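Following: one structure in structure tokens, then a few remarks.
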Amino acid sequence: MTKPIRKAVFPAAGMGTRFLPATKSTPKEMLPLVDKPLIQYGVEEAVAAGCTEIIIVTGRGKTTMEDHFDRSPELEATLGRRGKTKLLETAVALSKLARITYVRQPEALGLGHAVLMAKEIVGDEPFAVILPDDIVDAVVPCMKQMVDVFAKTGCSILGSEVVEGDAIEAYGCLACKPMGNDPRLCEVSDLVEKPKPREAPSQNAIIGRYILTPGIFKCLEELKPGAGGELQLTDAIKALLASEKVFGFTYEGVRHDAGDKLGFLKANVEFGLKREDLGPPLRAWLKTLNL
Ligand code: G1P
């Protein structure tokens, strides 16, 4: 029997430099995809995967995230008075999604360091990590797919997808041995963070979804700076390979890199088109564009 995945860690202390100037005073995690901030998609995905405790690793200037998942008595009273019942339900439901704990990352020393900040709250159990920039549109939520695989393997699992050409240099890269019984799974034999395209061991990129065993914390504590001078989660997972198996998992779904300006625009159009209320007028308007 594997332990259930109850806790999900959200590294959200980054400065969001790829999205300046919007992110100068607004956390990138709060940028709206249609009408919900990016981090809400990730939190809902974790909850749909069975997580009941959300741990958000934050930093300076990020308090709007805390307000977003909190009660807002003034707003609720106003919506109540105006008879806006549906909106009132939406606002209240947000504060009941899960138990959310915030922990600060005092300095942006890298993704590995951010995850290490959650060590005491996670304790001695396997946990999920969701990078809120990566939005995965899937019939079965991506983390739920991974939790189901974890229940069978009990090993750390990295969400993965094949990327084209030089794009691999923007990701953690996996060298993998295919597994006979499940074509979506492969056994990781090596990892490199942001490889030069010619030196990449494969085109398999890590996406922002991980299930990690608590053994990762010792590896994170012993970590030396890696790519970009940062403490890299990928390097800690490579160290974990010395004592545990790690699997790469090709999820079903479409990923949007919403932390990138073009990826964000595309995600907004695609999510907008899927909406019952906004889809038809948005589609009609797009057709009028002389492209
Ligand atoms: C991080 C990880 C990288 C992973 C990527 C997925 O990189 O370090 O291994 O492939 O997220 O989005 P970042 O996008 O923060 O540079």
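Below, the figures for the structure above:
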| item | result |
| --- | --- |
| Odd one out for ALA93, checked against (1) surrounded by 14 or more Cβ atoms within 10 Å (Cβ to Cβ); (2) more than 20 Å from GLY253 (Cα to Cα) | (1) |
| Residue match in the range 268-289 (condition: closer than 18 Å to ARG18 by Cα and out of contact with any Gly (no Cβ under 7 Å at 6 or more places or on another chain)) | yes |
| Test set (1) modelled with pLDDT of 95 or more; (2) of a type in the set (Ser, Thr, Tyr); (3) within 18 Å of the chain's Cα centre (by Cα); (4) surrounded by fewer than 17 Cβ atoms within 10 Å (Cβ to Cβ) - THR17 fails condition number | (1) |
| Test: GLY279 is more than 20 Å from PRO195 (Cβ to Cβ) and touching a Pro at 6+ places or on another chain (Cβ under 9 Å) | no |
| Residue in the range 171-178 that is outside any strand (DSSP E or B), farther than 19 Å from ALA46 by Cβ, within 16 Å of the ligand (Cβ to nearest atom) and aliphatic (A, V, I, L, M) present | no |
| Failed criterion for PHE247 (all others in (1) at pLDDT below 95; (2) touching a helix residue (DSSP H, G or I) at 6+ places or on another chain (Cβ under 8 Å); (3) over 25 Å from TRP285 (Cα atoms) hold) | (1) |
| Filter result (part of a loop (DSSP other than H, G, I, E, B) and under 19 Å from PRO132 (Cα atoms)) within the range 65-105 | PHE69, ASP70, SER95, LEU97, ALA98, GLN105 |
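The values are calculated or read from the model by the stated rules, or taken from the named source; none is laboratory data. Quick caveat: nothing in here was measured; it's all calculated off a predicted structure. When we count neighbours, we look across all protein chains shown, and the Cβ atoms used for this are built from the backbone with ideal geometry, even at glycine.
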